[in-house]
Amino acid sequence: MPSLPSIPNLPWSQGTFPVTLPRQVYLVGGSVRDLLLGRRPLDLDLAVAGNPRTFAQQLAAHTGGRLVPLGKPGLMLYRIVSGSRIMDVSAVAGRTISEDLQQRDFTINAIAIDLAGGDIIDVCGGRADLAARRVRMVSRSAFEQDPVRLIRTFRMAAVLRFEVTPETAAAVRDQAILITKPAGERVRDELLKILEAGRAADAITQMAGCGLLSAMLPELAAIRRDPPDKKPRCDRFEHTLKAISEIENLLADPRTVLPCDIDPVMWSLASIPAAILKLAILLHELVRPAAGRNNLRRFLSPPVDCDAVKTICARIKLSNRQTHYVDFITRKHRWPLLLFEAHRRKRLSDRAVSRFFMTAADKTPDLFIHAAADTAGGTCEIVGQEKTFASFTKSLLRRYFTEFLPRKNAPPLLTGKDLIDLLGLQPAPIFTSLLTRVETDRLAGRLQTKEEAIRRVKKMLQRRPTALR
């Protein structure tokens with residue numbers, strides 16, 4: 001078994017390859033990039049001059065891995081899954097490894113290591129770009145060959161915290177419309193990887209600057225084209241970009257939103273990755289209040305037609321659960337602002353707060369995180385009141401964690417059986433509204449005992465004597 005080149009973190013035990021190598025086998029792509037950056041690659045990409053299947057079978061047998069053929073004739077890839085390790089084996093594209101590298105996406109991914117001799121092959125200047133921390137296309141044709149590379153440009157920049165070279169950004173601008181061609185799930189994967197990065201806001205801003213964001217999500221272009229007579233006093237699109245940056249700051253330090261006496265570990269993003277909350281704030285300006293809905297009394301009603309958000313979620317193939325989350329957060333993102341407005345006018349009741357907590361449920365903190373980013377990003381609705389809103393947010397989150405959740409975990413004061421047994425009522429549609437009202441008051445702290453709940457039901461029935469007929 002041949003020795004491998006002395007590069008830190010090369011993932012073979014004892015510095016040797018586990019099988020006899022064919023004449024030309026190369027470690028390629030992101031594996032080499034990560035090794036040269038001093039990282040341990042999670043997956044390995046191997047290019048073989050000759051028949052990759054035979055080599056993949058040998059590698060699977062020696063590592064005890066499972067061999068999974070992928071692709072189609074002429075473009076086959078053989079994946080070996082061995083524990084947490086994934087190794088992809090494919091044929092060298094072209095007559096030589098140099099031709100293969102010149103067909104790749106970015107120079108930093110177009111570096112190979114000859115596993116037989118240990119030589120590093122860099123025909124595109126990838127090592128210089130790694131040192132300069134820049135993302136540079138191998139050629140303009142790279143985007144034509146696979147348009148997903150357009151968005152991958154900014155994913156690489158976000159994940160590695162590199163800069164996109166001007167000529168690469170210009171090529172993306174010229175070919176941005178090609179992003180409409182790939183399957184939605186491929187675009188989704190790249191977009192979510194960008195949003196998973198710690199500073200995704202910079203990448204999203206650059207995508208917007210070169211026209212890729214509008215080509216990928218044309219619905220967002222609408223908020224950049226407000227008619228002159230309806231232009232809000234702040235730019236909704238610029239506000240969206242700022243809000244993404246602000247939500248990243250808040251996610252990095254939740255204590256800026258959570259009360260100081262609440263442990264941040266008590267809060268987690270409704271079991272949804274932070275990238276999905278960032279996606280919600282990217283899309284939130286597509287949902288605007290409809291006429292007659294800009295008040296607390298109606299805040300639980302559907303605000304507007306939200307087809308644009310659902311259309312995007314469907315197009316990029318989000319899961320049902322992710323779609324429901326994004327749809328809920330975008331439709332309800334103004335709830336905390338409406339509660340704040342009622343509070344400011346001294347019209348916010350305990351019952352309204354309780355209804356909010358009951359309806360938002362485990363998404364309550366997420367909505368407040370979203371609202372805090374919305375206001376910090378300069379929402380037009382409470383300009384100049386950001387500090388007051390921050391205090392209000394902490395106050396309501398304290399009530400949610402210290403009062404609402406403990407009460408929610410306690411059993412209800414009344415059930416449908418109680419209405420029948422204790423009040424002699426016959427089952428009727430009004431049972432739902434009676435029990436909901438009692439539960440709302442219990443969670444608001446207005447009812448403490450079963451006797452108080454029964455008296456409340458009797459009073460409600462006195463006001464609606466025909467409801468049981």
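Please indicate, with yes or no, whether at least one residue in the stretch 69-84 is under 27 Å from residue 123 (Cβ atoms), out of contact with any Cys (no Cβ under 8 Å at 6 or more places or on another chain) and among the β-branched types (Val, Ile, Thr). No, the conditions are met nowhere in the stretch 69-84.
Yes/no matrix, rows are residues, columns are (1) in a strand (DSSP E or B); (2) under 22 Å from residue 165 (Cα atoms); (3) touching a helix residue (DSSP H, G or I) at 6+ places or on another chain (Cβ under 9 Å); (4) free of Cβ contacts under 8 Å to residues at least 12 places away in the same chain:
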position: 58; (1), (2), (3), (4): no, no, no, no
position: 78; (1), (2), (3), (4): yes, no, yes, no
position: 95; (1), (2), (3), (4): no, no, no, yes
position: 117; (1), (2), (3), (4): no, no, no, yes
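For the subset of the stretch 440-468 comprising residues that are in a helix (DSSP H, G or I) and among the polar types (S, T, N, Q), which member is surrounded by the most Cβ atoms within 10 Å (Cβ to Cβ)? By that ranking, first place goes to 440. Figure legend. Inter-residue proximity from the stretch 127-146: first residues closer than 19 Å to residue 37 by Cβ, second residues in a loop (DSSP other than H, G, I, E, B) and open to solvent by less than 50 Å² (accessible area, probe 1.4 Å), beta-carbon distance below 6 Å, spacing 6+ or different chains. Indicated pairs: 133/162; 134/162; 134/165; 135/162; 136/165; 138/110; 138/124.
Under the condition of being in a loop (DSSP other than H, G, I, E, B) and open to solvent by 10 Å² or more (accessible area, probe 1.4 Å), the residues counted in the stretch 20-56 number 13.
Among the helices (runs of 4 or more DSSP H) confined to the stretch 345-439, the ones with at least 2 residues that are within 20 Å of residue 263 (Cβ to Cβ) and open to solvent by less than 50 Å² (accessible area, probe 1.4 Å) are located at 364-376, 386-399. May I ask you to list the residues in the stretch 332-344 that are open to solvent by less than 20 Å² (accessible area, probe 1.4 Å) and in a helix (DSSP H, G or I)? Of everything in the stretch 332-344, those that are open to solvent by less than 20 Å² (accessible area, probe 1.4 Å) and in a helix (DSSP H, G or I) turn out to be 332, 335, 336, 337, 338, 339, 340, 342. Evaluating residue 84 against the criteria (1) more than 35 Å from the chain's Cα centre (by Cα); (2) modelled with pLDDT under 90 leaves one unmet condition, (1). Of all the criteria given as (1) surrounded by 16 or more Cβ atoms within 10 Å (Cβ to Cβ); (2) on the phi < 0 side of the Ramachandran plot, the one not satisfied by residue 177 is (1).
Checked against the criterion of being open to solvent by 60 Å² or more (accessible area, probe 1.4 Å), on the phi < 0 side of the Ramachandran plot and hydrophobic (A, V, I, L, M, F, W, C), the candidates 75, 59, 115, 130 yield just one match: 75. When the criteria are applied in full, residue 314 meets the requirement of being modelled with pLDDT of 90 or more and among the hydrophobic types (A, V, I, L, M, F, W, C). Scanning the stretch 86-101 for residues that are closer than 19 Å to residue 146 by Cβ and either among the small types (Gly, Ala, Ser) or buried (at least 17 other Cβ atoms within 10 Å of the Cβ) (or both) yields 88, 90, 91, 92, 93, 94, 100, 101. If the condition is being of a type outside the set (Val, Ile, Thr), under 20 Å from residue 48 (Cα atoms) and touching a strand residue (DSSP E or B) at 6+ places or on another chain (Cβ under 7 Å), then the stretch 106-135 contributes 112, 114, 115, 116. Considering the stretch 165-195, and only residues there that are in contact with a Pro (Cβ under 7 Å, 6 or more places away or on another chain) and part of a helix (DSSP H, G or I), the residue that is farthest from residue 326 (Cα to Cα) turns out to be 178. Within the stretch 199-216, identify whether any single residue is without any contact (Cβ under 8 Å) to a residue 60 or more places away in the chain, more than 30 Å from residue 24 (Cβ to Cβ), part of a helix (DSSP H, G or I) and hydroxyl-bearing (Ser, Thr, Tyr), and answer yes or no. Scanning the stretch 199-216 turns up at least one residue that is without any contact (Cβ under 8 Å) to a residue 60 or more places away in the chain, more than 30 Å from residue 24 (Cβ to Cβ), part of a helix (DSSP H, G or I) and hydroxyl-bearing (Ser, Thr, Tyr).
Results for (1) out of contact with any helix residue (DSSP H, G or I) (no Cβ under 8 Å at 6 or more places or on another chain); (2) modelled with pLDDT of 95 or more; (3) open to solvent by 40 Å² or more (accessible area, probe 1.4 Å), shown as yes or no for each residue.
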residue: 123; (1), (2), (3): no, yes, yes
residue: 136; (1), (2), (3): no, yes, yes
residue: 151; (1), (2), (3): no, yes, no
residue: 157; (1), (2), (3): no, yes, no
residue: 193; (1), (2), (3): no, yes, yes
residue: 207; (1), (2), (3): no, yes, no
residue: 233; (1), (2), (3): no, no, yes
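Within the stretch 411-428, residues that are of a type in the set (Gly, Ala, Ser) reach partners that are assigned to a helix (DSSP H, G or I) and open to solvent by 30 Å² or more (accessible area, probe 1.4 Å) with beta carbons closer than 7 Å, at six or more positions or on different chains, in the pairs 416/435.
The values are calculated or read from the model by the stated rules, or taken from the named source; none is laboratory data. These numbers were taken from a predicted model, which means no experiment stands behind them. All Cβ positions, glycine included, derive from the backbone under ideal geometry; neighbour counts span all protein chains shown. Please note that ligands, DNA and RNA were not included when accessible areas were found on the heavy atoms of the full protein model with its side chains. Shrake-Rupley method; radii C 1.70, N 1.55, O 1.52, S 1.80 Å.
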